[in-house]
1. Considering only residues that are over 18 Å from ASN119 (Cβ atoms) and surrounded by fewer than 22 Cβ atoms within 10 Å (Cβ to Cβ), which ones fall in segment 25-48?
2. May I ask you to verify whether ASP127 is open to solvent by 10 Å² or more (accessible area, probe 1.4 Å), in a loop (DSSP other than H, G, I, E, B) and modelled with pLDDT under 95?
3. I need every pair where a residue in segment 282-294 that is β-branched (Val, Ile, Thr) has its Cβ under 6 Å from the Cβ of a residue that is in a loop (DSSP other than H, G, I, E, B), sequence separation at least 6 or different chains.
4. Does segment 210-238 hold any residues that are free of Cβ contacts under 8 Å to residues at least 60 places away in the same chain and among the hydrophobic types (A, V, I, L, M, F, W, C), and which are they?
5. Scan (1) out of contact with any Pro (no Cβ under 9 Å at 6 or more places or on another chain); (2) buried (at least 19 other Cβ atoms within 10 Å of the Cβ); (3) among the β-branched types (Val, Ile, Thr) for the single condition THR71 breaks and write down its number.
6. Given the criterion within 17 Å of the chain's Cα centre (by Cα), more than 21 Å from GLU177 (Cα to Cα) and basic (Lys, Arg), identify the matching residue among ARG39, ARG10, ARG115, ARG111.
7. Any idea which of LEU309, LEU296, LEU305, LEU258 is in contact with a His (Cβ under 7 Å, 6 or more places away or on another chain) and crowded, with 22+ Cβ neighbours inside 10 Å?
Amino acid sequence: MTTQSTSVERILGFVTESGHTFGTVEVAYETFGTLNTERSNAILVEHALTGDTSVTEWWAGIVGPGQAIDTEKYFVVCANSLGGCSGTTGPQSVYDDGLPYGSRFPQVTIRDMARLEHNLTQILGIDSWHAVIGGSMGGARALEFALLDKRKVKKCAIIAAPAFCEADQIAWAMVQERAIELDPDYYSGDYTAVGAFPAQGLGLARQIAHLTYRNDVDLNNRFSRRRRSPDYYEVTSYLDHQAKKLTARFDPHSYVVLTRALRDHDVRIGRSHDLTTALADACVDNLVVSVSSDRLFPPAQVELLAQNLPGDVTHHVIDSGIGHDGFLTETEAVSTALKDFLDT
């Protein structure tokens, strides 16, 4: 039976790229499996934007006993991102005055998240990860983690994520942020202090996002023009369901903070305008996976990352009609790509 544990580490004096200094940052994480004597079997899995540390649940069929990321073979770690709402310091964490950070929470970057996990790596006593793996925002985090210190990473798998976000992704992020910010219960992020919660804004943001996670063909095939009532379509009901699920478990200001972090993702910042040069310090054993029908991060944009990474790079395209969410739902195809990559 796989050993599983939930932990929180405290890191002092962490400074963000924006210049904010946290007196203490709490990092929540879960581990699955056992670290071997040589400390050589550790895998760091990075979750996506609204993910959490329970990787064997949201990536069931890929992470677990006997799966591609085998928790009986590997020591798997999944940490909640900085700015999130599943245990790591975020907007609802308590500030020095006893109230939540709220609007005072600083903007963080994908690189901040990766830097914080390098601190966690040191605490765990892991000299080098066998692999760092992530999908979507998690893929961006995995890439930045490897770029910060390639000596810490033997293999890096970036799934459904690019080297940088372009105008289309920035535009989708903007309308999601606006949906939350325009909710009268948002109070610039200080809704908890006044006993409010911008559920409608968060729900609308999730619905907008979900239209980028699924492909138009998938939605057309699943719902067509069917209605539940004269003025209520099946696809509308589906989107309402997605909104309700997220508002029941996620913090709206965390959603804004993390959406902005992914929006601003660009590995060239602070390195080089030339992508090949910016990626020169990456890990030299890389797997890049794109989804054929992905309209959030199209295959050509993900392939651009693969073309500019150094060393041994495998670009695998998953044939799926689902869209971006294929990295979560096409478990057999993702498992095959990961197992071949991890075993070589």
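The values are calculated or read from the model by the stated rules, or taken from the named source; none is laboratory data. This is a predicted model, so every value here is computed, not measured. Cβ atoms come from the backbone with ideal geometry, glycine included; neighbour counts cover every protein chain shown. Quick note on the areas: whole protein, heavy atoms, side chains included, nothing else; ligands and nucleic acids left out. Shrake-Rupley method; radii C 1.70, N 1.55, O 1.52, S 1.80 Å.
1. Within segment 25-48, THR34, ASN36, THR37, GLU38, SER40, ASN41 qualify.
2. No.
3. VAL284/PRO310; VAL284/GLY311; VAL291/ALA160; VAL291/SER320
4. Answer for segment 210-238, where residues must be free of Cβ contacts under 8 Å to residues at least 60 places away in the same chain and among the hydrophobic types (A, V, I, L, M, F, W, C): LEU211, LEU219, PHE223, VAL235.
5. Unmet for THR71, out of (1) out of contact with any Pro (no Cβ under 9 Å at 6 or more places or on another chain); (2) buried (at least 19 other Cβ atoms within 10 Å of the Cβ); (3) among the β-branched types (Val, Ile, Thr): (1).
6. Unique residue meeting the criteria: ARG115.
7. Criteria check complete, one pass: LEU296.
Here is a yes/no grid of residues against (1) surrounded by 17 or more Cβ atoms within 10 Å (Cβ to Cβ); (2) under 16 Å from THR50 (Cα atoms); (3) not basic (Lys, Arg):
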residue: HIS118; (1), (2), (3): no, no, yes
residue: ILE123; (1), (2), (3): no, no, yes
residue: ALA131; (1), (2), (3): yes, no, yes
residue: LEU147; (1), (2), (3): yes, no, yes
residue: ARG151; (1), (2), (3): no, no, no
residue: ALA161; (1), (2), (3): yes, yes, yes
residue: PHE164; (1), (2), (3): yes, no, yes
residue: ALA196; (1), (2), (3): no, no, yes
